[in-house]
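Enquirer: Take this structure first; my questions come after.
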Amino acid sequence: MPVSADAFRDALRHFPAGVTVLTLRSGDTVHGLTVSAFVSVSPDPPLVAVMVDHRHRAHALLEQPETAFAVNILAEDQRELSERFARARDEDRFAAGRWTTAATGAPVLEDALAWLDCSIFSRHPAGSHSLYIGQVEASGVPRPGGRPLVYWNRDYRRLDPASE
């Protein structure tokens, strides 16, 4: 018998994760959400994966054939933007930040630590979430010397430069 959802979450809160804002374009609709379930998959071809809850509005949009997405990797000073995309109403999410587009038309944060602009390579249902594998069509590193925003033990963290 598998562990309970609460026990599962309690164990995973001890694993640090980078913080991203996943933005997408589906036809004329633009949407975004904060995501820490992001991973590199393959350098050749360049593939990444994100996981999105079936209950989230983004899930229905990502199921549309023409949808593209961008993964915007946040810097340590972008906590407010992460919180905005986690909690704000849809129409207010893009009111902060400087946004542009790259190859796919998905919104790209101009001053992200880094960004990856993706077409959808494949979709895979997985329990309460779906796994979306994106083929990276364009990328950028606007802040090459920056530090990432990290989420660990139910709070945002910063890397400690003194420990290096």
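Bear in mind that the values in this text are calculations on the coordinates, not laboratory data. The model shown is predicted, which means the values in this text are computed figures rather than measured ones. Quick reminder, even Gly has a Cβ in these numbers, built from the backbone with ideal geometry, and neighbours come from all protein chains shown.
Enquirer: Can you run down the residue pairs with Cβ atoms below 6 Å, 6 or more apart or on separate chains, where the first is in the stretch 57-72 and more than 12 Å from GLY32 (Cβ to Cβ) and the partner is in a helix (DSSP H, G or I)?
Expert: So the pair list comes out as THR67/LEU61.
Enquirer: Okay, next question. Determine which member of the set ASP160, ASP111 is touching a Pro at 6+ places or on another chain (Cβ under 6 Å), over 19 Å from VAL41 (Cβ atoms) and not hydrophobic (A, V, I, L, M, F, W, C).
Expert: Step by step, each of ASP160, ASP111 is checked, and only ASP111 is touching a Pro at 6+ places or on another chain (Cβ under 6 Å), over 19 Å from VAL41 (Cβ atoms) and not hydrophobic (A, V, I, L, M, F, W, C).
Enquirer: Also, I was wondering about something else. What number of residues in the stretch 96-138 are within 14 Å of PHE69 (Cα to Cα), in contact (Cβ under 8 Å) with a residue 60 or more places away in the chain and among the small types (Gly, Ala, Ser)?
Expert: 3
Enquirer: Let me ask something additional. Go through the stretch 19-48 and give me each residue that's in a strand (DSSP E or B) and under 9 Å from the mean Cα position of the chain (by Cα).
Expert: THR20, VAL21, LEU22, THR23, GLY32, LEU33, THR34, VAL35, PHE38
Enquirer: Can you tell me which of ALA112, ALA70 is assigned to a loop (DSSP other than H, G, I, E, B) and crowded, with 20+ Cβ neighbours inside 10 Å?
Expert: When all the criteria are applied, what remains is ALA112.
Enquirer: When the residues of the stretch 1-28 are filtered to those that are within 15 Å of ARG154 (Cβ to Cβ) and touching a Phe, Trp or Tyr at 6+ places or on another chain (Cβ under 8 Å), which remaining residue is surrounded by the most Cβ atoms within 10 Å (Cβ to Cβ)?
Expert: VAL19
Enquirer: Sticking with this structure for a sec: If a residue has to be in a loop (DSSP other than H, G, I, E, B) and within 15 Å of the chain's Cα centre (by Cα) to count, how many in the stretch 99-109 make the cut?
Expert: Qualifying residue count, the stretch 99-109: 1.
Enquirer: Further question on the same structure: Quick one: ASP92 ticks every box in (1) exposed (fewer than 13 other Cβ atoms within 10 Å of the Cβ); (2) of a type outside the set (Gly, Ala, Ser); (3) in a strand (DSSP E or B) bar one, so which box is it?
Expert: The number of the failed condition is (3).
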